[in-house]
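The values are calculated or read from the model by the stated rules, or taken from the named source; none is laboratory data. Quick caveat: nothing in here was measured; it's all calculated off a predicted structure. Here the Cβ is made from the backbone with ideal geometry for all residues, glycine too, and neighbour counts use every protein chain on show. Calculation scope for accessible area: heavy atoms of the full protein, side chains included, ligands and nucleic acids excluded. Shrake-Rupley method; radii C 1.70, N 1.55, O 1.52, S 1.80 Å.
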Amino acid sequence: QVQLVESGGGLVQPGGSLRLSCAASGRMSIIYFMGWYRQALGKERELVARITSAGTTNYADSVKGRFTISRDSAKKTAYLQMSSLRPDDTAVYYCFYQGGPAMYWGQGTQVTVSS
């Protein structure tokens, strides 16, 4: 079992920045993915970014060049640095961890981009 605790959401003006954190606890696989999905009101959940245990990263086209995912393996924590935020980034962001067939989710954190 893996537990995930997210932090860092909030309200920010367009063009601003936020950093999300996702701290994992429990037994983690040697090979795994961590990252974030997001779900805006009335829309389907979409993958935002993910990072593998080897450090490989993937991003949605809509966030490339603006968001950066990283991890601190010793702290079992992933980070999503979000810059140049736009109103269409407004959503609930859900951290996830996937090791083998099991997938775990954080509680979600609201990110609102508005003036």
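Going through region 1-84, which GluC sites (Glu not before Pro) have at most 14 other Cβ atoms within 10 Å and a DSSP loop state?
On the way: sites: E6, E44, E46; in loops: E44.
Answer in residue order: E44.
On a straight-distance basis, which lysines could pair with K43 in a cross-link, Cα separation under 24 angstrom, same-chain partners fewer than 8 positions away excluded?
K64
Using a 1.4 Å probe and counting only protein heavy atoms, arrange R66, R27, R19 so the residue with the most accessible area comes first. Intermediate results must be reported in sequence, preceding the final value.
Details: R66 30, R27 205, R19 125 Å².
Descending accessible area places them as R27, R19, R66.
Rolling a 1.4 angstrom probe over the protein chains, ignoring ligands and nucleic acids, what is the accessible area of Y104 in square angstrom, nearest 10?
Using a 1.4 Å probe on the heavy atoms, I get roughly 60 Å².
Among S70, S84, S62, which one moves the most in a GNM of the chain with springs linking Cα atoms closer than 10 Å?
Comparing S70, S84, S62 in a Gaussian network model of the chain, the most mobile one is S62.
Which of L18, L80, L41 moves the most in a Gaussian network model of the chain with Cα springs under 10 Å?
L41
Pop a pseudo-label 7 angstrom from the Cα along the beta-carbon direction at both S70 and A40 and give the gap in nm to one decimal.
My value for the distance between the label points is 2.8 nm.
Viscosity 1.002 mPa s, temperature 20 °C: Stokes-Einstein D of region 1-101 from its Kirkwood Cα radius, in µm² per second?
On the way: Rh = 13.8 Å.
After rounding, the answer is 155 µm²/s.
Could you tell me the accessible area of T52 in Å² (1.4 Å probe, neighbours in place), rounded to the nearest ten?
Rounded to the nearest 10, the figure is 20 Å².
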